[in-house]
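The block underneath contains the structure these notes are about, expressed in C-alpha cells.
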Amino acid sequence: MTSLSLTASKADGLRVDAVVVGVARRDGEVVLVPGAEAVDRAMKNRLAATVSALGGSGKADDVVKVASMGAVKAPVVVAVGLGDEAKSYDHERLRRAAGAAVRALAGTAKVALALPAGDAESIGALAEGAALGAYSFSTYRVASKDAKKQPVQSVAIITDSARDKAAKAAVTRAEVVSAAVALCRDFVNTPPADLYPESFAAAASAAAKAAGVKVEVLDDKALKKAGYGGIMGVGQGSVRLPRLVKLTWSPARAKAHLALVGKGITFDSGGLSLKPGPSMETMKSDMGGAAAVIAAITAIARLGLPVKVTAWAPMAENMPSGTAQRPSDVLHIYGGKTVEVLNTDAEGRLILADAIVRASEEKPDLLVDVATLTGAQMVALGSRTAAIMSSTDEVREQIFAVSKRAGEAFWPMPLPVELRASMDSEVADIANMGDRWGGMLVAGLFLKEFVPDGQAWAHLDIAGPAFNEGKPHGYTPKGGTGAAVRTFVSLAEELAGR
C-alpha cells in the first residue's frame, strides 16, 4: 500500500522523483493554483506557459509532465488539471486531481503533492485521492507482471500544517478509508471461480477479525433450517451453496445502531432466465454491495467510531441447472412472506429480502441496503451516479448529504406508490417483477415490502458505479471501484457525532 506523509518543506527543494502542482483554466488559458508558487519561481515564472505549450489544458483529469532541467530537486514536475479556476477548490476536485496525478505516475517511487492543502479537510481529501489513485490489482498477472508499472510507493503532501494534530488525523483516516476501498475493489475484481459464497465468506471473516469485528456465518444447512427462502432459492442452482455473513462492531457506549445489508451474488448468469453472453462478462461484480458493507465495517472498526454497526452479506451464485429455481416457483422469505419468481434474473432482491427482514429484527436506528441491483439504474442515471431511495424524505436527504461530503455521486430517486400494484401476484404475497418502466423504482418498492413499519431505511442501487467498464478517471480505476464504502464510513461518523 502507498505510504502517506506530510511535510512542511518547500516543493522546489524536496528530493522526490516527481512533484505535482495544480493548474486550472481562466478564460481559456492555463493558470496555476495555490501550492505551485515555489516551483514556479524556480522555473522563472514560466511554469503555466510551459504546461500550455506542451498541450496542457487545465481541465480536470488532464496531466502534463515537464522535465525540471535542474530548476527544482525533482527531475519531473507534473501539472494536473482542476478545471475552471476558483477562489477555493472543493474536496472532491482535490481528491480527483491527486488521484489522477498519482495514477499517471505509476512506476515512480516517491511523489510530493504541491496542491491546495490549507486545512485538515483538504489535506485528508488529497491523501485519500492519492491513495485511491495508487490502487492496482495484479494478483493474476504472471508473464505480464513485470510489464505493468507498479503503483507509487510514497506520497508526501506539502503543507504548512504538517505538524497539526488535525492534519495528521486526516491522513490516518485517509489511510484507513482507502484501505477499505481497496479491499472492496479487490473482492469485486476477483474472478468468480475463486470468489464464491464459501470462499467469499471466509475472506470476509478474515478481514473482519483482523479489524476486531465479530463474525457469524450461516451455511446452507443453517439457512434452510432458519427459513431463508430467498437466499436458498437463488443459490440452489449452483454446486457452490449460499452463505449469510453477519459482522458486528459493537463498541461500549455506542451512540446509535446502523445496519448495512449488501447484495452478494458472486456470479450472476441470470439463472434459467439466462442473460445474453455479453451481459455476463462483468457479473463477477454482482457482489459489489456485499463487498462494500464488509469493507466499510472494517474501516469503521479501525477508526474506533462509537456506533454499533451490523453488516449483513447474503451470498449466492445464480446458476442454471437441474436444481435451479424456475420462473413461477414460490419462495418463502425469512419472516413468512411469499414471493412468486417471474424472472430468475431478478435475484438480488430475493436474497436482500431475507437479510433485510433479519437485520430489522434487531431494530437498528437506520438500515441501509446496497446492491448492484438493476440495469434500469444505468438507464436512469448513467454509469457513474448511483441511486438513493427511501420510505422517507428525511432519510433520503440525509444519505444524499453524507454521500456528497464523502465525494461519491448519488442521486435521490422516488418510490412511486402506483408502481407497487404491478407486482401483485395471483398465487403469492408479491411477485419479484413488475412494471418494465421504472424498473429501478419497482425493485426499490419490492424491498420496501420487507421493511417493517417505522424502520428508518434506504436502498442504494450502485449497478453502474460499482464497476468501471470504461477508462480510468480521477482516482477511479478500471474494474471494481469500491462504490458506497466512503459513504458508509461518513454515515457512521455522522451518527457518531463527528
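Just a few scattered comments:
- Put simply, when 77-85, 283-291, 417-425, 141-149 are sorted by average Cβ atoms within 10 angstrom per residue, most first, you get 283-291, 77-85, 417-425, 141-149.
- Added length on full extension, which subtracts the Cα-Cα distance from 0.36 nm per residue, Lys214 to Glu469: 88.3 nm
- As a rough guide to protection, the peptides 298-308, 166-176 ranked by mean Cβ packing within 10 Å, highest first, stand as 298-308, 166-176.
- Counting Lys and Arg as +1 and Asp and Glu as -1 over every other residue whose Cβ lies under 13 Å from the Cβ of Ala256, the net charge comes to +1.
- A helix-only calculation puts the chain at -10500 deg cm²/dmol for mean residue ellipticity at 222 nm, using -39500 (n - 2.57) for each DSSP H run of at least four residues, averaged over all residues.
- Taking the convex hull of Cα positions in the stretch 1-115, its mean projected area over all directions (nm²): 6.7 nm²
- Those lysines that a straight Cα-Cα span of less than 28 Å connects to Lys363, excepting residues fewer than 8 apart in one chain: Lys209, Lys214, Lys221, Lys224, Lys225, Lys246, Lys255, Lys263, Lys308, Lys337, Lys404, Lys448
- Once the gyration tensor of the Cα atoms in the stretch 1-67 is diagonalised, the equivalent ellipsoid follows with semi-axes of 22, 14, 11 Å, ordered largest first.
- Convex hull volume per residue for the stretch 417-498, taking Cα atoms only, in Å³: 144 Å³
- The stretch 344-410: C-alpha gyration tensor shape, a/c 1.5 cut-off, then a/b vs b/c: oblate
- Within the stretch 405-427, backbone nitrogen closer than 19 Å to the virtual label 7 Å beyond the Cα of Asp393 toward Cβ: 411-418
- Taking the C-alpha atoms of the stretch 75-214, convex hull volume expressed per residue in Å³: 145 Å³
- Computed over the alpha carbons of the stretch 179-495, Rg followed by Dmax gives 17.5, 51 Å.
- Working ranking of peptides 432-440, 42-50 by packing, defined as the average number of other Cβ atoms within 10 Å per residue, highest first, is 432-440, 42-50.
- Taking the longest Cα principal axis of the chain as reference, the axis of helix 348-360 is set at about 90 degrees.
- Computed E for Lys275/Trp437 - FRET, C-beta separation, R0 22 angstrom, nearest 0.05: 0.60
- Angle in degrees between helix 120-133 and the longest Cα principal axis of the chain, rounded to the nearest 10: 70 degrees
- Hull shadow area, averaged, the stretch 248-356 [alpha-carbon convex hull, nm²]: 7.9 nm²
- Rg/Rh, computed from the Cα trace of the stretch 308-382 with Rh as the Kirkwood radius, has the value 1.00.
Taken together, the values in this text are just the output of simple stated rules run on the coordinates, not laboratory data. None of the values given here were measured: they were computed from a predicted structure. We place every Cβ from the backbone using ideal geometry, glycine too, and count neighbours over all the protein chains shown.
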